[in-house]
Amino acid sequence: MTDNLPAVSLHGVGKSWGPVVAFENVSFDVPRGQVVALLGPSGAGKSTLLRCINRLEGISAGRVYAYGELIGYRETETALHELADAQVSLQRRQIGMVFQHFNLFRHMTALENVMSGPRIVLGLPKAEARIRAEALLAKVGLTARKDAYPAQLSGGQQQRVAIARALAMEPRVLLLDEPTSALDPELVQEVVATIRALAEDGQTMMIATHDMAIARDVADRVIFMEGGAVVEDSAPAAFFTSPRSDRARQFLARLLKDGQAAPPQSPAQQDARS
Amino acid sequence: MSVAGPAAPVLAAAALPIVAQRRWGGWVVGGIVVAFVAAIVWGGIRSRILDLTIIGEYLFHPAIVAGALNALILGTLALGISSVIGLISALMRLSGNPILSGLSAVYVYLFRGTPMLIQLVFWFNAVPTMFPTITISLPFLPGPLFETPTTVVVTPFLAALAGLSLAEGAYMSEIMRAGIMAIDNGQRSAATALGMTQRQVFTHVVAPQAGRIIVPACGNQYIMLLKSTSLASTIGYPEMLRVVTDIYSSNFRVVELLTVAAIWYLALTALATVIQTGLEKRFPPR
């Protein structure tokens with residue numbers, strides 16, 4: 001029955017800190033298996049929206065559902081009652097999250113990081129958690145680095161471990177908050193490839209990103225936000241070729257200008273090096 | 001860029017030995033300092049300010065060894081108790097509950113803000129004066145279950161332990177609070193997003209990392225506590241300073257006996273340093 005329900009469903013969701021509004025009245029459904037790219041300038045509310053879906057942040061208005069389950073509250077006829085920590089943490093098990101700055105546990109090796117969810121949250125036996133974690137590290141291509149601590153890994157490697165750590169909980173939705181924004185340009189590709197592989201496996205994902213390769217080639221749908229509101233919601237091809245709103249057009253024009261400035265430089269740089 | 005510098009001199013330079021910079025000034029100053037220290041030591045030996053045979057005689061005197069052992073026991077127990085008090089107080093302070101947080105702040109202010117010596121004397125002398133008898137009674141029972149004069153319960157050892165633990169707990173509270181706050185929120189977010197409860201976030205993610213951060217500070221406090229046990233000499237606890245004072249007040253070998261005590265305190269400090277270094281090595285790199 002839950003198969004027919006959307007993976008994530010937002011009903012008039014708003015978030016503000018006093019007078020400061022992150023976003024207002026956001027409503028859309030994400031069907032199971034879809035990959036959504038959240039685009040928009042910095043401060044548009046993309047990251048905060050993701051953090052509201054797994055209730056790392058409380059919301060100020062509206063309702064968030066994951067597979068039909070109201071997140072963070074118990075609804076009665078008269079009110080929404082805030083759930084206790086233990087109950088919200090149960091809901092979070094099915095919603096994975098990957099962060100801009102990886103946030104790997106610094107006192108654990110790569111393998112221990114990936115095992116941490118199954119071991120601590122699900123209480124799996126060590127051997128079983130280890131098998132699951134090793135398979136996931138193999139999937140992201142880091143079997144050789146499983147005993148390294150985060151400080152000994154490159155940014156791209158850390159982010160792939162972080163993706164494996166989130167997948168170890170077998171989440172039904174994966175939220176990725178600017179997964180490539182903190183990476184050196186030459187490391188972005190390995191993380192994009194990992195995310196693309198997940199999309200091909202049918203993993204439901206919502207990705208806040210500034211990376212056009214993810215939005216254009218990996219996502220099934222682009223949601224463009226600006227000033228705390230959804231401005232445009234369309235297929236990637238339509239969004240990049242014929243954006244409907246002026247704001248999206250300006251956003252794309254700025255990106256294109258930055259993007260075209262780079263390629264002519266590279267042949268000259270290669271000459272200088274050799 | 002590829003045409004920078006002729007090739008031949010570079011090859012020749014690789015074959016030559018490298019001569020380190022000579023710091024003549026440093027060696028001259030070092031020599032002067034060594035000569036100065038040697039002169040002081042030689043002067044001390046010639047004027048016989050200190051008799052080495054007396055030090056040797058008393059270094060392993062049973063009463064002094066017992067005093068050192070008492071200092072070690074008192075200091076170590078106080079460290080353990082103050083760590084528990086400090087952890088509870090730090091968690092109260094960070095709980096976000098204004099009552100618990102306020103209580104913790106007042107505790108830290110009072111016990112960090114008054115001299116340890118006064119606190120020790122207070123527990124030993126003032127408490128029995130304020131509460132002459134200790135009575136434990138249960139409701140619905142006719143007589144008291146247990147009744148005794150306070151002076152019987154509050155021995156010098158207990159008063160010293162209570163005084164040191166409570167005073168040190170205030171410092172520990174701040175050390176642990178600093179350690180917990182040093183863990184960035186990204187670590188907590190990641191753990192919470194995995195589905196850990198707030199308790200699991202603390203025990204599995206925050207505490208192990210904070211522990212690594214506070215080990216050097218705790219080593220410091222352990223050394224300070226071991227030395228602060230000498231304060232208990234004022235309330236009649238037979239720790240090292242008390243024993244040494246008793247001995248030199250009869251044989252007048254003040255310098256030698258204080259030196260013996262200093263040697264023992266240095267030995268205890270070395271022990272604490274070894275434990276601290278061992279703990280630091282046990283934690284994985286960050």
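The values are calculated or read from the model by the stated rules, or taken from the named source; none is laboratory data. Quantities reported herein were computed from a predicted structural model and do not represent experimental measurements. So basically every Cβ, Gly included, is an ideal-geometry build from the backbone, and we count neighbours across all protein chains shown. Accessible surface areas use protein heavy atoms only, side chains included; no ligands, DNA or RNA. Shrake-Rupley method; radii C 1.70, N 1.55, O 1.52, S 1.80 Å.
Tabulated data for the structure shown
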item: Segments classed as strands (runs of 3 or more DSSP E), wholly inside the stretch A:1-99, with at least 3 members that are open to solvent by less than 30 Å² (accessible area, probe 1.4 Å) and of a type in the set (A, V, I, L, M, F, W, C); result: A:8-17, A:20-30, A:35-39, A:95-98
item: Scope the stretch B:70-101; condition under 20 Å from B:SER233 (Cα atoms) and open to solvent by 70 Å² or more (accessible area, probe 1.4 Å); matching residues; result: B:ILE73, B:LEU77
item: Candidate set: the stretch A:148-181, residues that are free of Cβ contacts under 8 Å to residues at least 60 places away in the same chain and of a type in the set (A, V, I, L, M); chosen: the one most open to solvent (accessible area, probe 1.4 Å); result: A:ALA151
item: Of all residues in the stretch A:244-263 being at pLDDT below 80 and not charged (D, E, K, R), the one that is nearest to the chain's Cα centre (by Cα); result: A:LEU255
item: Pair list, Cβ < 9 Å and 6+ apart or interchain, from the stretch A:93-109 residues that are more than 7 Å from every other protein chain (Cβ to nearest Cβ) to residues that are acidic (Asp, Glu) and in a loop (DSSP other than H, G, I, E, B); result: A:GLN94/A:GLU170; A:GLY96/A:GLU170; A:GLN100/A:GLU178; A:THR109/A:ASP147
item: Elements of type helices (runs of 4 or more DSSP H) contained in the stretch B:134-232, each with 3 or more residues being modelled with pLDDT under 90 and within 14 Å of another protein chain (Cβ to nearest Cβ); result: none
item: Matching helices (runs of 4 or more DSSP H) fully within the stretch A:118-211 where at least 1 residues are of a type in the set (Asp, Glu); result: A:126-139, A:185-200
item: Qualifying residue in the stretch A:114-125 (condition: farther than 30 Å from A:ALA215 by Cβ, under 19 Å from the mean Cα position of the chain (by Cα) and within 12 Å of another protein chain (Cβ to nearest Cβ)); result: no
